[in-house]
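Working notes, beginning with the structure itself.
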Amino acid sequence: MKKLLLGNEALAQAAIDAGISGVYAYPGTPSTEITEYIQKSKTAKTLNIHSQWSVNEKTAMEAALGMSYAGKRVLTVMKHVGLNVAADVFMNMAVSGINGGLVVVVADDPSMHSSQNEQDSRNYGRFAMIPILEPSNQQETYNITRYAFHLSEQMGLPVMVRMVTRLSHSRAGIETSKGELQNNIHLPKNPHQFQLIPMHARNRYQHLVDIQSDTRESSENSYFNTFIDGPNTSMGIIASGIAYNYLMENFDDGDCPFPILKISQYPLPKKQVKKLFDTCKKILVLEDGSPFIEELVADYFSENKKVIGRLTGHLNRVGELNPDNISEALGFEVKHFTEMPKIVTGRPPELCVGCAHRDLFEAVNQLSKENSNQQVFGDIGCYALGVLPPYESINTLIDMGASITMAKGASDAGIHPSVAIIGDSTFTHSGMTGLLEAVIENSPITVIISDNSAIAMTGAQDSSASGRLIDICKGLGVDENHLKLINPLHKNLDKNIDLIRNEINHKGVSVVIAQRPCVQLPKEKKDKLKNLKKVSLN
Amino acid sequence: MKTNIILAGVGGQGILTIAAVLDTAALASNLNIKQSEVHGMSQRGGAVQSHVRISDKEIHSDLIPQGKADMIISVEPMELLRYLPFLKKDGLLVTDINPFVNITNYPELEALYNEIKTHPNSLLIDAKTIAKSLGNSKATNIVLLGAAAAQLPLSDESLQEAIKTLFERKGEKIVRKNLEAYNKGKEIALEIVS
Ligand SMILES: Cc1ncc(C[n+]2csc(CCOP(=O)(O)OP(=O)(O)O)c2C)c(N)n1
Ligand code: SF4
């Protein structure tokens with residue numbers, strides 16, 4: 001019988017079946033379930049597939065490259081903004097190339113359901129000049145991931161699989177196929193391949209440029225790029241990834257009169273694009289994310305008006321596609337449906353009842369009231385909800401780790417009090433280097449680490465910070481007299497306010513660790529935490 | 001045959017359990033299924049929904065187009081109305097009457113019920129109370145599933161089997177409680193309709 005799997009789970013199952021020896025990842029919606037599936041898989045355990053969470057996306061991708069160097073197949077997974085963090089290794093491993101098959105999965109979030117932006121990872125794939133695969137449905141996600149490892153080894157390049165929220169988080173019945181064995185360890189044939197000093201890097205980069213014709217040819221012959229003829233050539237349609245499904249939804253039994261080029265592998269298959277251009281009067285481009293294909297195929301000044309899509313206003317420029325906005329772009333009559341009754345009000349997400357972040361915000365708000373100059377630099381996690389009422393405690397939220405460094409910059413500019421609030425996992429992900437910088441200059445900032453001993457926002461995964469925060473801060477050189485531990489409970493409110501006020505008044509770096517586990521942690525995890533090494537502060 | 005169902009509620013109210021029963025029953029009945037769900041930020045007490053599509057033919061989109069949902073099953077009355085633009089003309093509405101109030105501007109309940117009743121095909125059910133009286137308030141969602149069962153493209157037997165499969169891990173008692181909840185939902189719906 002078919003297995004009922006999320007797009008993410010189909011991808012994970014395919015990676016296991018493709019013979020990976022490890023997955024390296026840091027959680028992030030909508031990508032998280034891929035790694036979790038492998039962590040829970042009995043087969044993966046028997047096969048000894050590495051699946052423990054990494055500290056951030058950069059460490060994840062570098063470890064993946066190390067496994068590939070050793071000749072093994074490996075998967076690395078992140079959400080779209082995670083690729084910004086891993087961009088350094090990402091760009092450079094395109095130049096070095098890979099040894100064992102290496103697949104980079106990036107889950108984009110058009111409409112920003114759980115993200116700060118809707119950047120389209122295909123731009124990164126093109127930037128690095130590597131093949132990109134973009135499945136349109138769950139079964140294709142399985143098939144394309146199996147294929148990705150072969151393509152990677154065939155081209156000697158990392159291959160990107162680009163997912164989007166709606167595919168990642170939608171289930172369908174999946175047929176799997178026979179698994180492959182893991183690779184044996186075998187080192188790269190060319191001893192200079194991974195030595196990117198300029199003299200070798202130039203050779204590698206030339207090689208990367210030279211094989212672009214191969215990657216394009218592979219796209220043109222790809223099973224996943226299909227040209228579907230249609231009688232009505234007044235318009236041709238390019239539909240990539242999930243947009244293809246939304247397109248077909250608009251025709252009963254998938255009976256579309258227009259010629260369609262369905263794209264799931266890049267670089268763009270030039271031959272087929274040309275065929276569509278030669279035969280059709282007008283080209284409609286449907287793609288979820290940025291107008292990536294449209295920009296490549298549109299004429300620069302749009303003077304011939306042949307290409308239409310998100311850039312020409314025929315589709316929404318921002319936000320995800322769906323069957324309805326595509327219906328409009330196809331020129332179908334705009335139907336008017338029952339509107340949402342006015343009585344319905346918004347229901348934004350909120351912090352759980354009993355969440356420790358709540359008690360922390362209460363303390364911080366009291367101090368903001370006492371000193372209206374106070375600026376609070378926030379970070380990414382459940383505590384980001386502190387931007388919204390009822391707390392409205394946080395002034396900024398940009399990217400992981402930015403709380404500490406922005407607080408430092410603002411303090412350099414003369415703002416006092418300058419307070420950073422950062423979660424424990426975000427701290428180990430990207431906060432430690434910023435704290436070191438503040439320590440070096442002894443900047444008068446107060447860093448509050450809200451330590452709930454979990455990566456709560458993405459589903460309470462284990463945090464690399466658990467049991468290590470005090471040692472890390474000491475190691476980075478934080479003065480022990482200004483490294484404090486508090487328990488954010490309502491009964492401690494006054495005491496906590498006094499303590500934080502004192503640290504704000506200190507003319508140098510202070511770190512306050514507000515420690516209380518996330519209330520959503522399962523009991524086993526809470527018990528485990530109790531047994532973690534407790535480091536005393538004296 | 002193609003049936004489009006929207007499940008609605010607030011993060012943590014168990015709409016994904018309803019989805020799982022539908023998925024399991026559909027798969028066992030050899031039907032195609034697509035079911036999209038919401039993970040991440042909005043799961044924290046925010047509005048959540050799931051689109052479930054069941055068909056004997058190929059299903060393309062993971063999302064239901066506007067005006068194409070055959071029914072909306074909601075675990076919360078205001079959340080039901082949020083998805084009205086998706087409902088077919090004369091589509092079915094099934095909802096629990098008990099509000100989940102975690103916002104300051106929650107609408108007046110009477111007005112909410114009146115709005116729901118203007119739709120010809122609506123079942124307002126005190127599912128929470130029913131579930132409680134059966135000794136398992138967590139089964140509110142399954143009561144609602146039962147209430148919608150007669151209009152689903154799935155056999156009663158396949159739904160009951162799916163409930164057994166899904167709750168098996170939690171022990172026989174939980175299985176029994178959920179089957180009771182399901183059957184009670186079915187009964188109530190029959191009473192209201194007749
Ligand atoms: C670069 C990057 N990677 C991953 C994410 C996804 N993400 C958002 S919040 C979060 C968890 C942060 O955990 P923590 O700082 O401990 O805060 P908590 O949610 O536990 O309060 C993650 C992984 C992201 N937004 N950006
Ligand atoms: S999941 Fe944990 S950290 Fe997040 S809001 Fe709930 S209690 Fe707070």
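Legend: mean number of C-beta atoms from other chains within 10 angstrom of residue C-beta atoms, peptide B:48-59, equals 2. Across chain A, Cα pairs under 8 Å and at least six residues apart give a relative contact order of 11 percent. Rolling a 1.4 angstrom probe over the protein assembly as shown with all protein chains present gives an accessible area of which 52% lies on carbon and sulfur atoms. Partners of B:Lys57 within straight-line reach, counting lysines whose Cα lies under 19 Å from its Cα and excluding those fewer than 8 residues away in the same chain: A:Lys2, A:Lys3, B:Lys2, B:Lys34, B:Lys68. DSSP finds beta bridges in segment B:2-193, and of those with both partners inside it, around 50 percent are antiparallel.
Other protein chain C-beta atoms within 10 Å of residue C-beta, averaged over A:347-357: 5. Computed from label points 7 Å out along Cα-Cβ, the spacing between A:Lys274 and A:Leu388 is 5.2 nm. Quick check: net charge around A:Ile238, other residues with Cβ under 9 Å of its Cβ, Lys/Arg +1 and Asp/Glu -1? Net local charge, A:Ile238 excluded: -1.
Between A:Phe337 and A:Asn371, full extension at 0.36 nm per residue minus the direct alpha carbon distance yields a gain of 7.1 nm. Think of the protein assembly as shown as a dipole: +1 on every Lys or Arg Cβ, -1 on every Asp or Glu Cβ, centred on the Cα centre; then among A:Thr226, A:Gln154, A:Ile130, A:Gln154 lies furthest on the positive end. The relative contact order of segment B:2-193 comes to 21 percent, based on Cα pairs under 8 Å that sit 6 or more residues apart. With the cut-off at under 20 Å, measuring from each backbone N in segment A:370-398 to a point 7 Å along the Cα-to-Cβ line of A:Asn502 picks out A:370-371. For A:Phe227, what is the net charge nearby, where nearby means another residue's Cβ is under 14 Å from its Cβ and Lys, Arg count +1, Asp, Glu -1? Computed value for this residue: +2. Seen from all directions on average, segment A:2-220 presents a Cα convex hull projection of 11.3 nm². Within 10 Å of the Cβ of each residue in B:78-86, the mean number of Cβ atoms contributed by other protein chains is 4. Under 30 Å of direct C-alpha separation, and excluding same-chain neighbours fewer than eight residues apart, A:Lys495 reaches these lysines: A:Lys369, A:Lys408, A:Lys474, A:Lys484, A:Lys507, A:Lys523, A:Lys525, A:Lys526, A:Lys528, A:Lys530, A:Lys533, A:Lys534. Amide H contacts of A:Ile486: A:Ile513, A:Ala514, A:Gln515, each under 5 Å away and 5 or more positions distant or on a separate chain (H built 1.01 Å from N in the peptide plane; Pro and chain starts excluded).
About its Cα centre, the dipole of segment A:2-220 is roughly 460 debye, where the only charges are +1 on Lys and Arg Cβ and -1 on Asp and Glu Cβ.
Among the trypsin sites (Lys or Arg not before Pro) in segment B:33-109, those located in a DSSP loop and surrounded by at most 15 other Cβ atoms within 10 Å of their own Cβ are B:Lys57.
For segment A:260-333 versus segment A:459-532, the spacing of their alpha-carbon centroids is 51 Å.
A full extension of the chain between B:Leu109 and B:Ser133 corresponds to an added length of 6.3 nm, given 0.36 nm per residue minus the alpha carbon distance. Relative to one another, the C-alpha centroids of segment B:88-111 and segment A:12-53 are positioned 40 Å apart. Beta bridges per DSSP, both residues in chain A: antiparallel share near 15 percent. First measure r as the distance between the Cβ atoms of A:Leu187 and A:Lys3, then evaluate 1/(1 + (r/R0)^6) with R0 = 41 Å and state the FRET efficiency to the nearest 0.05. Using R0 = 41 Å, I get an efficiency of 0.65. Taking the average, over residues, of other Cβ atoms within 10 Å as the packing measure, peptides B:169-181, A:316-328 rank A:316-328, B:169-181 from highest down.
Among the lysines of segment A:178-279, pairs at least eight places apart or on separate chains and with Cα atoms under 22 Å apart come to 4. The loop-placed GluC sites (Glu not before Pro) in segment B:58-119, going by DSSP, that have at most 16 neighbouring Cβ atoms within 10 Å of their Cβ come out as B:Glu58, B:Glu108.
The values are calculated or read from the model by the stated rules, or taken from the named source; none is laboratory data. Computed from a predicted model, the values in this text were never measured in an experiment. Please note: Cβ atoms are built from the backbone with ideal geometry, for glycine as well, and neighbour counts cover all protein chains shown. Surface areas here come from the heavy atoms of the whole protein model, side chains and all, with no ligands, DNA or RNA. Shrake-Rupley method; radii C 1.70, N 1.55, O 1.52, S 1.80 Å.
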